[in-house]
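J.: Let me begin by handing over the structure; questions about it come next.
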Amino acid sequence: CSIIVINDKNEFESIENYFDITGIMKWSNKVWDMVQKREIPKPTNLLKGIDLSGFGKIVSKIGDIVDDMTSLGYRQIMKAYYFAGVARYIKHPEKILTNKTYRGFARLIMNPNFNSAANFLHTRNLLISSMHFQDAYNFDLDRVCKCLVHYGVIDPDDSTKVLEVPFCSMNTLHRPVIERKLAIVGKSAKNPEVIQAEIEELLKTVGK
């Protein structure tokens, strides 16, 4: 799974030409751990050792925001803190205000929602992915470890948590365990004829 960028010359480029993807993923996990623990960041040391000259006013503005802890809510603090940190993994910071890929990425980070995600993928950034369920006889653990496509499944043991399950190992490893835990004990499923009859009765009520 990767993203291919169609550049201004109508040529394909790897997203890795724009970002240090591994660095962004590690930083994202670190900030998420902080959010789970409700930790308050210490931004004064965040940008030390980074050449900010290519970022223009945007990074100095972010620095002002994340330093002013008393005037922002926690969510806004962490969004600004995250973006300030992720700036280290942008390979051409001088283009952050002019390049469509960097602009779309900045919108996605600062305002993460379906619209900003759709905008990023609708502005000549193509998501390329291939998926398949792995069977027990050809199970590849190394491949599972690199899987980027996941199911979000409510944890049967704790409904306040969501399990992140790799797509390719879902059927072989995870689905049987999850289904057993979610099974309704002491009840049997309705046969298909009864279900079909109930559906037909419900359809008759539509439009009345």
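J.: Going through the range 150-162 one residue at a time, which ones are within 18 Å of the chain's Cα centre (by Cα) and exposed (fewer than 12 other Cβ atoms within 10 Å of the Cβ)?
T.: Kept after step one, since they are within 18 Å of the chain's Cα centre (by Cα), are these residues of the range 150-162: 150-154, 161-162.
Within the range 150-162, Gly152, Lys161 meet the criteria.
J.: Now, a different point. State the number of residues belonging to the range 119-138 that are outside any helix (DSSP H, G or I) and without any contact (Cβ under 8 Å) to a residue 12 or more places away in the chain.
T.: Counting residues in the range 119-138 that are outside any helix (DSSP H, G or I) and without any contact (Cβ under 8 Å) to a residue 12 or more places away in the chain gives 1.
J.: Another one. Return the only residue of Asp135, Asp142 being surrounded by fewer than 10 Cβ atoms within 10 Å (Cβ to Cβ) and either assigned by TED's automatic domain parsing to the domain that holds Leu182 or charged (D, E, K, R) (or both).
T.: Asp142
J.: Pull out all pairs, ordered by first then second residue, where Cβ-Cβ is under 6 Å, the residues are six or more apart or on different chains, the first lies in the range 139-161 and is part of a strand (DSSP E or B), and the second is surrounded by fewer than 12 Cβ atoms within 10 Å (Cβ to Cβ) and among the basic types (Lys, Arg).
T.: Filtered contacts from the range 139-161: Asp155/Lys161.
J.: Yes or no: the range 165-180 includes at least one residue that is out of contact with any Leu (no Cβ under 9 Å at 6 or more places or on another chain) and not in a helix (DSSP H, G or I).
T.: Checking the range 165-180: not a single residue is out of contact with any Leu (no Cβ under 9 Å at 6 or more places or on another chain) and not in a helix (DSSP H, G or I).
J.: Do you know which residues across the range 71-117 are in a helix (DSSP H, G or I) and β-branched (Val, Ile, Thr)?
T.: Selection gives Ile77, Val86, Thr101, Ile109.
J.: Among the residues of the range 1-21, count how many are within 11 Å of Ile128 (Cα to Cα) and part of a loop (DSSP other than H, G, I, E, B).
T.: The total comes to 1.
J.: On to the next question. Filter the range 119-153 for residues that are of a type in the set (Gly, Ala, Ser) and at pLDDT below 85 and give the result.
T.: So in the range 119-153, the residues of a type in the set (Gly, Ala, Ser) come out as 129-130, 136, 152.
The answer is Ser129, Ser130.
J.: Let me ask another. If you check every pair at least six apart or on different chains, which have Cβ atoms under 6 Å apart with a residue in the range 178-196 that is touching a residue at least 40 places away in the same chain (Cβ under 8 Å) first and a residue that is outside any loop (DSSP other than H, G, I, E, B) second?
T.: Qualifying pairs under 6 Å: none.
J.: What number of residues within the range 181-208 are basic (Lys, Arg) and assigned to a helix (DSSP H, G or I)?
T.: Count: 2.
J.: Do the conditions hold for Leu182, that is, is it modelled with pLDDT of 85 or more and loosely packed, with under 10 Cβ neighbours inside 10 Å?
T.: No; evaluated as a whole, the condition is false for this residue.
J.: Right, next: Which numbered condition trips up Val66, out of (1) exposed (fewer than 14 other Cβ atoms within 10 Å of the Cβ); (2) modelled with pLDDT under 65; (3) part of a helix (DSSP H, G or I)?
T.: (1)
J.: Examine the range 106-126 for a residue that is buried (at least 16 other Cβ atoms within 10 Å of the Cβ), within 15 Å of the chain's Cα centre (by Cα) and among the hydroxyl-bearing types (Ser, Thr, Tyr), and state whether such a residue exists.
T.: Scanning the range 106-126, I find at least one residue that is buried (at least 16 other Cβ atoms within 10 Å of the Cβ), within 15 Å of the chain's Cα centre (by Cα) and among the hydroxyl-bearing types (Ser, Thr, Tyr), so the answer is yes.
J.: Now a separate question. Collect the residues in the range 89-104 that are of a type in the set (A, V, I, L, M, F, W, C) and at pLDDT 85 or above, keeping them in residue-number order. So that I can check it myself, show each step before the final result.
T.: So the first thing to find is which residues in the range 89-104 are of a type in the set (A, V, I, L, M, F, W, C), and the list is 90, 96-97.
Matches in the range 89-104: Ile90 only.
The values are calculated or read from the model by the stated rules, or taken from the named source; none is laboratory data. Given the structure is predicted, the values throughout are model-derived calculations rather than measurements. Note that each Cβ is placed from the backbone with ideal geometry, even for glycine, and that neighbours are counted across all protein chains shown.
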